[in-house]
Amino acid sequence: MEQTTIRFTLNDRPITHAAMPYRTLLEVLRDDLGLTGSKEGCGTGDCGACTLLLDGKPVTSCLVLAAEADGRKVTTVEGLAKDGKLTPVQVAFIRYGGLQCGICTSGFIVAAHALLESNKTPSEADVRAAIGGNLCRCTGYDKIVRAILAAAYDEGELVDESASMPVMEKPLFTEGPM
Amino acid sequence: MAREKLLGPLGESHARVDAPDKVTGATRYPGDIALPGQLWMKTLYAHRAHARIKRLDVARAEQTEGVVKVFTARDVPINEFGLIAFDAPVLAGDVVRWIGEKVALVVAETEQQARQALDLIEVEYEDLPALTDPREAMKVGAPVIHPHYANNVLKHVPIRKGDVERGFAESDVIVEGAYYTPMQEHAYLQPEAGLAYLDEEGRVTVQVAGQWTHEDQHQIAHALGLPDERVRVIYPAIGGAFGGREDMSVQIILALAVWRLDQMGIHRPVKTIWSREESILGHHKRHQMWIRAKWGAKRDGRLLAAEVEVIADAGPYAYTSTKVLGNAAVTCTGPYFWPHARVDAYAVVTNNIPAGAFRGFGAPQGHFAAEQQMNKLAKRLGMDPVELRLKNVLREGALTTTQTPLPGGVVALPQVVQVCARAAGWKATSTERHVADENLPQGSTSTRQPLATGYGFACAFKNIGFSFGFPEGASAAIELHGGTRVERAVLKIAGAEVGQGGHTVFMQMAAEALGLPLAQIELVASDTATSGDFGSASASRSTFFAGNAIRGTAAAALQKWRDEERPAIAIYRYQPPATENFDAATGRARPNIAYGYVAQVVEVEVDTETGQIRLKRVWCADDVGKAINPQLIEGQIEGGVVQALGYAITENFVTRDGHVLTPYFSNYLIPGVLDVPERIESLILEFPDSEGPWGARGMAEMPFIPLAPAITAAVHDATGVWFDELPLTPWKVWERLHERSYTPHS
Ligand code: FES
Ligand code: FES
C-alpha cells in the first residue's frame, strides 16, 4: 500500500503530510505531528475525547481518516488559545471547575467552542445537547454545563487569569533523561 | 518567621493548579509521552476462563518483520505479583485462571508490527472446568482453583456481637431480604498506558498512571528480583483511577521488557497503550456480591438483631479482596447500633475477572443491603425512614458490631441525616408518600399513569485510610529557600493526582502550614526518586494523610529555618494511631482510624411503560470535617453521585462463562450528560475529626455509597415494587412492574 499526501490547514498553519490511507486523523495528529491534546478514549466514536473541528464542525477524529482532512481546516484544542491568551470557554472551565482528571477536557472544550460559534445565546438544553456525545467519568457534568453557560453569558468577566495563577517554576514532571 | 495572620488559602475554592494545562491540551498523560527510539509492546491474553497451557511457541512471531523480542513466563525472574498476596503470575506459564491472564508480550518497532505478531504466537490449551459462581465454588467438593485456598474460600470474616437468637426472639418485626450487587467497570477515560526506560542512574523507570507509586515500585522490583531502589516509578498526569489503577496493569510488564532488552544489549524505551477493550478486559472490577440479611426490631423502631451473610466474588487472585470483604462485613449492617449481630462474610475465588478496589471498596455493596433492609423496615413499621434512622444511627461512644466505638470525636450521622432531610423538604414533600403500600387499594391497570414520581432516603459511613492493622503512614519533604525571608518553598510528596484535585489541596495545605501565599509553593510530586512512600490515592485518604504529613513537615522545616539553616530541609512521616484486624472468632476490632458520614435524598421518575428510570434530583449531605477546597468537594460529590447512578441504573456488566460481553462503551453504558440529574445539591458539613488535619476527614468515596439504595427506595415509593438487584435496567424494571398488579401512588 502506498502513502497518500494530505494537505490541510492545522490550527491556522498549512501542513503537507504523507500517511498510509487507513490511518485516522487522530493517529496522525498524535503520533506523527505531536499534537497529543486530542485523546483516544475508545477509538469507536463513543466517548468524544478525540473531538476536534473539521471546517469548524465537531467530529470524532478517531473515526475520520486522515485523508479526509485533505483540503480542509482542522482545529484542535491546541489551536484555540491565540497568542497564549485563553478563550472564555477555557477560562470558564478553570474557574468553574469543569474538569478533574482532564482526559475528556479537550473534547468538551472543542465541542463547547463549536456550539458558541453557531449559537451565542444557548439554553441549558442546547448546551447539554452539544456535549451529549462526550463522556466524562469524573465530574458528573454539572460543572461542565455551568462553565459553558458562563462562557456564553459572562464572557466579559472571564478574563484570562492563568498568568496570575500559581505556576510551577519548573515543569511538574520531568520527562526522563532519554 | 513571624506569622501575623493566616495567609494560606485554606477553605477557599482555589482553581486547580493543573487546570491551565488541561484546558489547552498541554498536559501529558502516559500515552502522550514519546521518547526517541521507543519500541512498542503488545500483550497476548488467554481469552480462556480456566485452562492449562500445553504448548506455547513464539518462534514464528519472533521471526516476523519488526519484532525485536517475545517474552513469556520463562523471562520473569520471580513470576508473581499482588497487593496483599503474591498469588498471581505476571505471565502465565502453566495454567490460566481468567480470560485476561497475560501469556506473552511482543516488543516490536511499531505498534502495528507488535499487534500482527500476536496472531503468530501458537498456544495450545487444555480447558479446565471454569468456576464462575462463587456460591457453587465454595461448596465442598467443587474443583479447587488454588490448592492454598481451601474450598476456594480466600477469606472468611465472622463478626459476633451479643446473642442474635435472643434478639430475634425479642423482636416485634423481622425483615428478610436477599440482595445482589453487580460487577462494575471503572471506565476511566484514559485506558492503561505507559513507557519504560533506564534512567540516568540505571534505574528501571516506568512512567505510568497508577495510584501508589511506591507499591508499583515494590511489585515491579519483586517480580524482577531487584532491590526497590533499582526501580523508579513516575506518574505523569493520570486520566482517572477510582481504585481501578491500584493493582498492576502495565507496570510490571513494561519494566520486564525494558530490563530484559537491556540485558540483551538493546537500550531502548518501550511503550504500550491499551485499547478500550483491553482496559475493560484487563483490569479488575468492583466485586459482585450476594447478601442475605435478616433483621429484627422492636415496634418502636429500635434495631435489635441482625444476621447477615455476604458472598463476594474475588475472581482468581487476591488483589485487595480480603480488605474489600472486611469493609463489606463492617458496613452490611449499616451505620447503626446493634445489640446483637452475626455476620459471616466470604470472599471466594472463581474464574471470573479479578475483583478489587473501586470507589467505596465494599461499602456500596454492604450499604445496598443494609439500606434496603432499613427502608423495608420503615415501611413495615409504618414509620418515616428518616425518623427510623435517627433512632438507630451510631453516636459517639456507641459500640459498633466490632465492639468498639467510632473514632474521631464527633460522629455526625444524626447531623447528616437531618440536614439532608431538611434541605430536601423531606417532611413537606414526602411524608404522605410513606404510608404502608400494603394499605393502598390495588388499582386496575386502567388507572395506571405512565410516569410515577418517588422519593428515597439512604445514609452511610465509610472509613478513611487503610484498615485492619495495615501499617499506615505518609511521608513528605519540604525545602525552604531564601535569605532573610522564605522566597520559595518546595513540597515533595508522592501522592497521586488522579483527578480529585489532590495536588491543589496539597499546595493549599502547605501554604497554610507554612504561612506563605500559594504562589510561593512549588510541588514536586509522584516520583519514587524524589519522595518517600505516601501510600495510595484511595480509601478517601489523600487529604487526611497529606495534610498531617505536610503539617509535621512544615513544623520541622520552620524550626530549621529559625535555626538559620539555608535551605531549611525537613523530611517527616506521619503515622496515625494503629488499627486492628478482626479477632478470628468474634470479629472484635478497632478497624479504622477515621470515618466520613453521608446521607442522600433522591427524586426519581419511573416510566412504567418502558421501565426507564430517571434520576431527577439529589440532595447529598456529607460531613467532610473541614472543607479545604469546597469546589473540589462539590466535584467529588457530583462525580460520585453520577458514577453511582451508573452503578444503580445504566451500567450492566455482562459476563458468560467468565467471558465479558460488554467490553465497549457502546454496550457498557456509563452515564452521559443527558442521563444525569439536572441538579445535585451538595450540603457540605464541617464537624472536625480529632485526628484530621485542620479537622478534615476524607470524603471522595462517601457520595457514591448511599445512592443506589436511595434510588431503589424512591422506585419503591413510585411503584410499590422493591428491586433487590442492581442495575435497574429498563427491561428488568419493566418485567418486574408487569408481573404483578400495580398501583401508582400519584
Ligand atoms: S476516541 Fe474517538 S470517540 Fe472515543
Ligand atoms: S475529567 Fe476525568 S473524564 Fe472528565
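Every number in this text was worked out from the coordinates using simple rules, so none of it is lab data. Treat the numbers as computed from the prediction; the structure is a model and nothing was measured. Cβ sites come from the backbone with ideal geometry, for glycine too, and all protein chains shown count toward neighbours.
At-a-glance table
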item	result
Under the Karplus curve 6.51 cos²θ - 1.76 cosθ + 1.60, θ = phi - 60°, whole-Hz ³J(HN,Hα) for segment B:690-697, x wherever Gly or Pro sits	5, 9, x, x, 6, x, 5, 9
P(r) weight above 13 Å for segment A:4-79, C-alpha pairs, percent	60 percent
Debye intensity ratio I(q)/I(0), log10, segment B:272-344, q values 0.12, 0.17, 0.19 Å⁻¹ (C-alpha model)	-0.47, -0.72, -0.82
Above-threshold pairs, the threshold being 24 Å between Cα atoms, out of A:LYS73/B:LYS42; A:LYS57/B:LYS271; B:LYS22/B:LYS492; A:LYS143/B:LYS285; B:LYS161/B:LYS294; B:LYS155/B:LYS376	A:LYS73/B:LYS42; A:LYS57/B:LYS271; A:LYS143/B:LYS285; B:LYS155/B:LYS376
Range of Cα positions in chain B per principal axis (Å), largest first	81, 73, 50
Sequence ranges B:392-404, B:87-99, ranked by mean other-Cβ count within 10 angstrom, highest first	B:87-99, B:392-404
Per-selection Rg to Rh, segment A:24-65 - Cα, Kirkwood hydrodynamic radius	0.92
Dimensions in Å of segment B:453-583 - Rg and Dmax from alpha carbons	17.2, 68
Space enclosed by the convex hull of the alpha-carbon atoms of segment B:60-201, per residue, Å³	238 Å³
Relative packing of peptides B:295-303, A:98-106, B:350-358, A:10-18 - highest average C-beta neighbours within 10 Å first	A:98-106, B:350-358, B:295-303, A:10-18
Along each principal axis, Cα extent of segment B:198-344, largest first, Å	76, 32, 28
Phi-based couplings in Hz for segment A:101-115 (Karplus 6.51, -1.76, 1.60; Gly and Pro marked x)	5, x, 6, 8, 5, 4, x, 5, 5, 5, 5, 5, 4, 4, 4
Under Karplus coefficients 6.51, -1.76 and 1.60, residue-wise ³J(HN,Hα) of segment B:717-734 in Hz, glycine/proline x	4, 7, 10, x, 10, 8, 10, 9, 10, 9, x, 8, 5, x, 5, 5, 5, 4
Average partner coverage of A:45-52, which counts Cβ from other chains inside 10 Å	3
10 Å Cβ neighbours from other chains, averaged over peptide A:69-77	1
Residue exposure sequence - B:GLU634, B:GLU371 - by fewest surrounding Cβ within 10 Å	B:GLU634, B:GLU371
Per-residue average of Cβ from other chains inside 10 Å of B:205-213	1
Helix-derived mean residue ellipticity, 222 nm - over chain B, DSSP H n ≥ 4, -39500 (n - 2.57), to 500	-7500 deg cm²/dmol
Quarter of Cα convex hull surface for segment B:657-746, i.e. mean projection, nm²	10.5 nm²
Two-decimal ratio, chain A, of alpha-carbon radius of gyration to 2.2 N^0.38 Å	1.07
Kirkwood hydrodynamic radius (C-alpha pairs) into Stokes-Einstein, segment B:695-739, 37 °C and 0.692 mPa s, D in µm²/s	271 µm²/s
Distance cut-off 54 Å, percentage of C-alpha pairs in the protein assembly as shown lying past it	11 percent
Inverse of mean 1/r across different Cα pairs in segment A:88-158, Kirkwood, Å	11.7 Å
